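These notes concern the structure reproduced below.
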Amino acid sequence: MRKISAILGGLAVSALTAVPAWAQEAAEAAAPVPNPGNNAWMMTATILVLLMILPGLALFYGGLTRSKNMLSTMTQIGAAAALAMLVWVMWGYSLAFGPTPPEGFLGQFISGGSLFLSSVTSDSTAATFSEEVISEYVFVSFQMTFAAITLALVLGSVVERMKFSAVMLFGVVWLTIVYFPIAHMVWAGGGLLFEMGALDFAGGTVVHINAGVSALVACFILGKRIGYPTEPMPPHSLTLTMVGTGLLWVGWFGFNAGSELEADGTAGLAMINTFVATASAGLFWMLAEKVHGHKGSALGFCSGIIAGLVAVTPAAGNSGPFGAIVLGAVASIICFYCVSVLKPKLGYDDSLDAFGIHGIGGIVGAVGTGIVYSPALGGPGGDDFVMGSQVVVQITAVAVSIAWAAIGTAIAIYLAKLVTGLRVSEEVEREGLDLGEHGERAYN
Amino acid sequence: MKFIIAIIKPFKLDEVRDALTGVGVTGMTVTEVKGFGRQKGQTEIYRGAEYSTNMVPKLKVEIAASDDIAGAVVEAIQAAASTESIGDGKVFVLDLAAATRIRTGESGDAAL
């Protein structure tokens, strides 16, 4: 394969040098051709995001549940991600990024014109942020993994009690009425928040605030696990959670640096930020534990890592490294407080803290991006950057996403409740969803 | 014959085993157990959720010994397993009515 493309490349070069000037001009006017380097990076980045879901998130979440629900947690994540992939190619891509958005008002919220990828071919391309393009199939795949992981993240608040069938049905509806419109609003040209100038480099709003708020609403409607909070429910394997954390961190480079859509300097900036903001957040969570009179813990380290990754997501290519370090630290401390102090007081059962880390970390990241973007703080903003107005735009984008996600999730969850019922029976919940829902045990 | 049951701290197993080999014990059975005595449990914290465990992990060592070494066995365990702090464990001695070696059918002291 490499040989063939090398030959083709050689032909292209000799053709360009040999043909007369008028032919070269005609070639320049023709459709832009993807740079294989960018394409190759984006294919790699896409697979890295898949690594975040399976096995990254599956292990991270799985380790945090009780051993009787290990398989159920991991299977829900895997199956929800697979479902999202199929929905994405059928109507998701069209709704989020299709070539022909509906005229007028509605076009700010959804797009269209590519059901079953009807507008995509091997030769079609997607624009990046410069003159370059990448192959559209690569872009479709990259964005597909984002839809998949966002749905999987939501499940963190409802595991250990939600029916598998309800998860699947909720997934289809939620993607359609929540994820695709928000992705369109934030990332697609003509989208409401995109046109407003909201900065969201890699999905702080679309993925994390969206997933976190949806998770919160879902767990409110679903109710607490039997025995919560009086029965002890310690994580069954922090070893696996740590392994999952590592895989998430590695995969997140595809998520963040890939969101530049090119292998250029901004992707490099996103990369260094994904290192240092995360490192800072991991340590600051442990520090917060210590200050709070606890011991610096492994789970604290892992939680801090995720909080940092979440917070740096919107800021990845929109911040200097030192802005990112501060952002990671601030997000980590706020998330620690929300998860360890605020959640027990409020009394809702967000099993794996999808809201406490993704929702809160996402909000801190999204608003903070409006600050660290400033060139005065080492960010990439231009000379005309005005922090005050950018922060207002960021807050507006956050508010719109929160409202949209909350209302959409309530609709999707009640629909699932109506059709399949939401919760497993009390007997199954006590015995564990592994046996009750899947007929297997994780450990024999 | 005596049947000796010792509850010890898990990390003391190797020292206890060496000490028992020294007084002529040729076999033992070890089980991981949980329990409590005067030692209170531990507190675990996961993302702010505190669980106090009132059972502490220990090892149970079971030894069948002839009457003439039983006293030495108890002393050896006591000396080897002690850290002189709370939670070191206990040794119980029971009378053993009979013993049979399955392979040969030998019984009594010969089976130990």
Output yes when any residue across segment A:391-413 is more than 14 Å from chain B (Cβ to nearest Cβ), crowded, with 16+ Cβ neighbours inside 10 Å, part of a loop (DSSP other than H, G, I, E, B) and without any contact (Cβ under 8 Å) to a residue 60 or more places away in the chain, and no when none is. no
Just to be sure before I move on: is residue A:399 in contact with a Gly (Cβ under 6 Å, 6 or more places away or on another chain), at pLDDT 95 or above and aliphatic (A, V, I, L, M) in the structure I sent? no
Take segment B:44-82 and flag every residue that is of a type in the set (Val, Ile, Thr) and either away from every other protein chain (no Cβ under 14 Å) or in a loop (DSSP other than H, G, I, E, B) (or both). B:56, B:61, B:63, B:69, B:73, B:74, B:77
Kindly state which helices (runs of 4 or more DSSP H) lie completely within segment A:109-203 and contain at least 3 residues that are basic (Lys, Arg). none
Can you confirm whether segment A:262-274 contains a residue that is without any contact (Cβ under 8 Å) to a residue 60 or more places away in the chain, within 22 Å of residue A:330 (Cβ to Cβ), small (Gly, Ala, Ser) and buried (at least 21 other Cβ atoms within 10 Å of the Cβ)? no
Can you run down the residue pairs with Cβ atoms below 8 Å, 6 or more apart or on separate chains, where the first is in segment A:225-240 and at the interface with chain B (Cβ under 10 Å from one of its Cβ atoms) and the partner is at pLDDT below 90 and surrounded by fewer than 12 Cβ atoms within 10 Å (Cβ to Cβ)? A:229/A:347
Selection count where residues are surrounded by fewer than 23 Cβ atoms within 10 Å (Cβ to Cβ) and closer than 15 Å to residue A:301 by Cβ, scope segment A:248-261: 1
Could you check segment A:223-320 for helices (runs of 4 or more DSSP H) lying wholly inside it with 3 or more residues that are within 29 Å of residue A:390 (Cβ to Cβ) and touching an Asp or Glu at 6+ places or on another chain (Cβ under 8 Å)? A:265-291
Taking segment B:72-100 and keeping only residues that are within 13 Å of the chain's Cα centre (by Cα) and acidic (Asp, Glu), one is left with B:75, B:88
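The values are calculated or read from the model by the stated rules, or taken from the named source; none is laboratory data. Since this is a predicted model, take the numbers as computed values, not measurements. Every residue, glycine as well, gets a Cβ built from its backbone with ideal geometry; the counts of neighbours run over all protein chains shown.
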